[in-house]
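The values are calculated or read from the model by the stated rules, or taken from the named source; none is laboratory data. In this text the structure is predicted, and so the values were computed from the model without any measurement. Don't worry about glycine lacking a Cβ; one is built from the backbone with ideal geometry, like all the others, and counts go over all protein chains shown. Just so you know, the surface numbers come from the protein's heavy atoms only, side chains and all, with ligands and any DNA or RNA stripped out. Shrake-Rupley method; radii C 1.70, N 1.55, O 1.52, S 1.80 Å.
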Amino acid sequence: MKKITAFIAKHKRGIIIVVALPLVFFLLMRVILPNPIFDTPVCLVAEDKDGALLGAYIASDGQWRFPCNPQIPDKYLQASLCFEDKRFFSHFGIDFLATGRAIVQNTRALKKVSGGSTITMQVARLARNKPRNLFQKIIEMGLAVYIELTHSKDEIFALYAWQAPFGANVVGLDAAAWRYFGRKPEQLSWGEAACLAVLPNSPSLIHPGKNRQLLKSKRDFLLTKMRDKGIIDSITCTISQLEPLPDRPLPLPQQATQLLNRIYANDYNPKAPETAKYTTTIDAALQQQVINILQRHSAIWSANGIHNGAVLVLDVETGNTIAYVGNISTGEKGTHNNEVDVIMAPRSPGSTLKPLLFSAMLSDGLILPTSLIPDIPTQIAGYAPKNFNLDYDGAVPARIALSRSLNVPAIRMLRMYGVERFHLTLKRMGMSTLNKPASHYGLSLILGGSETSLWELCGIYSSMARILNHYGAHSGRYDKNDWHMPLYLKNTVSQNQKDDIKTPLDESFFINAGSIWSTFEAMDELMRPGEEAIWRDLNITKKVAWKTGTSFGFRDAWAIGCTPKYIVGVWVGNADGEGRPGLTGISAAAPVMFDIFSLLPTFKWFDMPYDDLIKVPVCSQSGHRALPICENQDSLWIPRSGLKSMPCPYYQIIHLDATEKWRVHSDCESPSNMISKSWFVLPPAMEWYYKTKNQNYKVLPDFRRDCAQINTSDLAMEIIYPKEATKIYVPLEIDGLPGKTIFEVAHRNSSATIYWHIDGQYLGSTKNFHQMALYPSAGKHVLSLVDEYGGRIEQNFEILNRKQP
C-alpha cells in the first residue's frame, strides 16, 4: 500500500493527465458533435398496413429525406461495406490500414486518389458539414471514436444510410430506393444495391444523360469485388451487371394524396421528426384498384361536366380504413378542385339518412318494418315534399318506402318521430356537422337538408354493422365501444376505447340489434320503379345492404353499401357544388360501389339477432300488429321493441244490409238483418291514391240512402289541398292577371258529386275528379264542401297579398 501511495505521489501529474485527457476528449467531442447528431428536416411519409409507400411530402429544406430507418437491408449493407469500409465491424471509428494506404497512394499521385474515411467518419462529416481539409479530417477521426463509444455499429450504419447523399436532392437510402428504383430498400436487387452503394462516394454521377458509363463502371467493379469475396456468386454478378442504370428520379407514389394531407394537418408534429413516418390501415393493392375503378367511371362522368369522386372502404370489425380515395379528377392537377378531400367535406346527404330514421323508429317501437306509411300530397307549414317520380301510392309499407326511397313517407315518418329527437339521435350517432338547432333544418333534415361527410356517414353504418355482428358474441348485450368513427392509422384505438377500455356490456342500446337487422334487410331490397334499365347494368354479385342519395339540384350523388365485413361509401359530383342534370346516386355512385364490392371477398350475411326479435302476427294489409278482426295475418319476425307499436288502425267492423252493398245502422235496419264484416279502411286521401295502385282494395260501401251517416269521424271526404291554416301566395301571371290555385279533394266514391263553397258562396260542383281552380281575394277564407250524401267538411286558409311586378 505504501508503494502504491508513493507511486501516486511521484507520478501525480502524469496520472492526472492520463485520467483527464480522455475526459477532456470526451467532453470536447460532445461539444463539437451536434446533439442530436442529425437535426435535419425529414419528409412526411405515409405507408400502407404492410409498409408499402402511399405518398410523401418533401422535407422543408427541399430534400427528399425520409425518416431514419433502423432496419438496413442486408444487400445494401454488404455492398456498402465492401465498397466503403470492409473493416467496419472491427475498427473503433478509424481504419489505420485504410488511412495509411490512402496517404501512400495520394503522396505518389500528388493528388487525392483514395480516401481513408470510415463510415463512422463519414457520419461525423455529414453531421457537421464542414470544408474537407486535413484539420477537419483530424476532427472527424476524433468524433468517429466518440461516436463509436456512444453508439452501436447498427445505429452508426443506420445514421449513415439515413444521411448519405444520393444525387440531386435525394438523401438517404429509403428515399433513394423509391426515387431511383420505385421500391422499398428491402426489395432492391444486388445490382440496384451496388449502384446505390457507390453513389454517396460520387453523388453527381446520377444525372440524366451524363456520367452513365462511369457510374456503370463503378457499379460493375463493386459487383466483381463482391463476387471475388464470395458475397455473391458469378451468375448473380453477371446478371446484376446487365441490369439497367437508373436515369432521372422517379415520381413517388401518390395513391392517397388527401389522406397524406389529413395526416399532415391532424397528426404530424414537426418538432418530432422521428414520428414523421406513419403506418396507415390502407391496403395499397385495394387502394390502387379503387383508383382504377374511379378513373374508369370518371371518363363517363366528365362528358356530363362531372369532375370529382371519392370512395371510402372500411373494415367493419376494426373500423379500419382500407381504401381512402379523397378525390379523383379528370383534369390536370389543381383543376376542378381535385385537391379537396371530399371524404371529409360536409355535403348534403340526400336520402342516405333515411335508413337511420327507419332504424331509430323501429328501436323506439313507433313502427314495424311493414307498417303502412301515408304517401299522399303533403303540405306542412308551407313545405310540400315530392317523391322523386312525382307520383303517390297512397300508403306503402315502411320497408318498401325505404327501399324505394320515397320522400313523402320519409317526411311523414320524421314528423311522427320528431325533428328535434332525430337531430339528437344523429348527433349521438356521430354526426358532428349538425351545428345548427333542429328548427333550422326542419323536416327537410331527412331529405338532405343538412350536411354530413362521407367519413361520418360510413362510420355510422360501420358501427351499426359492428353492433349487429357482436350481438351474438356478447350474449345479447351491447358494447358501447363498438360505436365509433373510422380509424386510418395502424395500432390506434377509437376515442371510446381510450375513454373507457373496460366498459361493461349493456343490456340495451339506443339502436337495438333487431332494428339494425331489419334495416339492413330492407336496404337489401333497394329498388326504385323506372330504373330497371340502370339495375341491369349494375355489377351486383353479392348480397349488400345499400342506399343511394341525390341532393337537391343534382349536386351530390351518394351510394353506401354494407356487408358484415365491409362498408363501401361513394360520392360523385363537383367539389365546387355545381349541379349537373342526371347526376343521381343510382346512376353515378352505385355502379362504382358495386364494382368495388366485386373486388372484396364474399362473407355470409348477418346472423339474425334472435334474442332481440320476436315472431308476432301482423296484419297482411296494414303491416301493423294484427287485431282479431284482421282478416289476413302473417307471422313475421319483428324487433322486440315493436311490441310497443300500435295495433292495426285500419281494420274496423262495419254493418251491411242483406245485399252487402250498403252500410246500415240500427236507426234504419233491424240488427237481426245486419251482416257484420271486418273491413280494411284507409282515410279518403290515402285511399284515393292507394286504390289506383292496388286493384284488390275494396272501397268502403256507402250508407244506404235511408240511413243517415251518424259517425261524423267516418267522413267519406278529405281535403288534399289546402290543409288547415295554410297560407297561400299566388303570384300574378305574365299578363298581370291574378293566378289560380288548384284546390283538391278526395272522396271514397269517385262518382259522387261534391258541392264547393267559399265563405258561404256557392262556386260549383265536381264529379269523378274533384279539383277546382280558384282565385279568392287576399285574406282569410273558409272552404266548405258538401257531398250528395250530406257529408260536410270545412277548411280555413289564407291568401297572401299579391304585389304588382
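To one decimal place, what Kirkwood hydrodynamic radius in Å is obtained for segment 646-713 from all pairs of distinct Cα atoms? Kindly include the intermediate steps, with their values, before the conclusion.
On the way: mean 1/r = 0.0762 Å⁻¹.
Result for segment 646-713 stands at 13.1 Å.
A Cβ-based charge dipole, computed about the Cα centre of segment 247-309 with Lys and Arg at +1 and Asp and Glu at -1, lands at about 100 debye. A simple packing score, the average count of other Cβ atoms within 10 Å per residue, orders the peptides 40-52, 755-767, 308-320, 503-515 as 308-320, 40-52, 503-515, 755-767, with the highest score first. Within the chain, DSSP assigns beta bridges of which about 90% are antiparallel (rounded to the nearest 5).
Identify all aspartates and glutamates with a Cα-Cα distance to Lys86 below 12 Å; exclude those on the same chain that are fewer than 8 residues away in sequence. By straight Cα distance, Lys86 reaches Asp95. Surface composition of the chain: carbon plus sulfur atoms contribute 55% of the solvent-accessible area (1.4 Å probe, protein chains only, all chains present).
For the pairs Lys436/Lys644; Lys75/Lys210; Lys49/Lys427; Lys427/Lys547, flag any whose C-alpha to C-alpha distance is greater than 25 Å. It would help to have the intermediate numbers written out before the result.
Working: Lys436/Lys644 32 Å; Lys75/Lys210 27 Å; Lys49/Lys427 31 Å; Lys427/Lys547 20 Å.
Pairs exceeding the cut-off: Lys436/Lys644; Lys75/Lys210; Lys49/Lys427.
Between Pro397, Leu457, Leu443, the Cα set farthest toward the positive side of the dipole of segment 372-505 (charges on each charged residue's Cβ, about the Cα centre) is that of Leu457. Placing +1 on the Cβ of every Lys and Arg and -1 on the Cβ of every Asp and Glu, with no other charges, gives the chain a dipole of roughly 4540 debye about its Cα centre. Projected onto its three principal axes, the C-alpha set of segment 313-455 covers 50, 34, 29 Å, listed from the longest axis down. Selection among Pro346, Asn320, His307 by position relative to the dipole of segment 279-382 gives His307 as farthest towards the positive end (Cβ unit charges, Cα centre).
Ordering Leu252, Ala284, Ile156 by the projection of their Cα atoms onto the charge dipole of segment 154-313, which places +1 on the Cβ of Lys and Arg and -1 on the Cβ of Asp and Glu, puts Leu252 at the extreme positive end. Unpaired Cys in the chain, meaning no second Cys C-beta under 4.7 Å: Cys43, Cys68, Cys82, Cys195, Cys237, Cys458, Cys562. Express the Stokes-Einstein translational diffusion coefficient of segment 368-431 in µm² s⁻¹, to the nearest whole number, given a Kirkwood radius over alpha-carbon pairs, 20 °C and a viscosity of 1.002 mPa s. Answer, rounded: 172 µm²/s. Applied to segment 51-59, the Karplus parametrisation 6.51 cos²θ - 1.76 cosθ + 1.60 on θ = phi - 60° returns per-residue 3J(HN,Hα) values of x, 6, 6, 9, x, 7, 9, 5, 5 Hz, with x for Gly and Pro.
Just to be sure I understand: if I project the alpha-carbon convex hull of segment 301-374 onto a plane and average over all orientations, what area do I get in nm²? Provide the component values of the computation, followed by the final result.
Values: hull surface 33.2 nm².
Its Cα hull, projected and averaged over all orientations, spans 8.3 nm².
Annotation: amide H of Ile373 within the under-5 Å range of Val396, Ala398, sequence separation 5 or more or interchain, hydrogens built in the peptide plane.
What ranking do 579-585, 543-549, 280-286, 660-666 get when scored by the average of other Cβ atoms within 10 Å per residue, highest first?
Details: 579-585: 18.3, 543-549: 23.4, 280-286: 20.7, 660-666: 15.7.
Those peptides, ordered most packed to least, come out 543-549, 280-286, 579-585, 660-666.
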